[in-house]
Amino acid sequence: MSDRTPITLTPVLVHPSSPVFAEISAWPFADPFVSRLLRDDIPQRVQFGNCRLWAYRDPDGQLVGFGTLDVCEDYSVYTAGKPHPYIPLLAANPTVKSKGYGTTIVRHLIDEAALLGYYLGECHDVLFLDVYTTSVKAIEVYTNCGFIPVTDPPIPDPQEGGKLYIVMARRVSVATSPSTPPD
């Protein structure tokens, strides 16, 4: 685990129709799939699903990253059919990478997923994400944040020419949900 001091970022909920989302969408992402998901997936998840989108600013007010959290059934095969929290996409601004922003964003999304489970009650308490096997640094961040792989072997993504990805998960929870009486 990193000995780095946690970075303080300010998360702000944004909508895909906002100027902040337009700014994020214009970032020079090295991987084309990030732009594709920002264009084709995230707006639909926000509009028609339970997805939330945060933009993160550093203490100087600079926009340094974004993260998304959905409650869906994408990996319900692992949750006995129950809805679960899922991180469809997150990224640091490619022009300011390697400062620890990704870890801070992931930790915020973990906390938000725990709160969702607490308030929704019927939501499963396992948070999922998927990551391409070539994204070694991202896998390291997720592992350091407590995620473990749940798929083996990796899965080919037909939308990315068969590029391989894995599904990772970790348990998230707070004491008891409002619908669960204390012991």
### Message
I'd like the Kirkwood hydrodynamic radius of the range 1-76, using the inverse of the mean 1/r over distinct C-alpha pairs, in Å.
### Response
13.7 Å
### Query
What are the trypsin sites (Lys or Arg not before Pro) within the range 1-102 that DSSP puts in a loop, where the Cβ has at most 15 other Cβ atoms within 10 Å?
4, 97, 99
## Note on the structure
With every protein chain kept in place and a 1.4 Å probe, the chain has an accessible area per residue in Å² of 53 Å²
### Task
Report Rg (one decimal) and Dmax (nearest whole number) for the chain, counting Cα atoms only, units Å.
16.1, 51
### Message
What distance in nm separates the two pseudo spin-label positions at residue 8 and residue 35, each 7 Å out from Cα along the beta-carbon direction?
### Response
3.6 nm
### Task
Between the alpha-carbon centers of the range 139-156 and the range 44-107, tell me the distance in whole angstrom.
16 Å
### Task
Would you kindly state how much longer the chain becomes between residue 163 and residue 57 on full extension, computed as 0.36 nm times their sequence separation minus their alpha carbon distance, in nm to one decimal?
35.0 nm
### Query
Which residues make up the longest stretch of the chain clear of GluC sites (Glu not before Pro) that lie in a DSSP loop with no more than 16 other Cβ atoms within 10 Å, not counting the sites?
1-72
### Task
Give the Cα extents of the range 40-80 along the principal axes, in whole Å, largest first.
44, 21, 14
### Task
Measure off, as a whole percent, the carbon and sulfur share of the 1.4 Å-probe accessible area of the chain, all protein chains present.
54 percent
### Query
Once label points are set 7 Å from the Cα along Cα→Cβ at both residue 122 and residue 173, what is their separation, rounded to one decimal in nm?
2.0 nm
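The values are calculated or read from the model by the stated rules, or taken from the named source; none is laboratory data. Here the structure is a predicted model, which means the values were calculated and not measured. Glycine also receives a Cβ, built like all others from the backbone with ideal geometry; neighbour counts cover every protein chain displayed. In case anyone asks, the SASA skips ligands and DNA or RNA and just uses the protein heavy atoms, side chains included. Shrake-Rupley method; radii C 1.70, N 1.55, O 1.52, S 1.80 Å.
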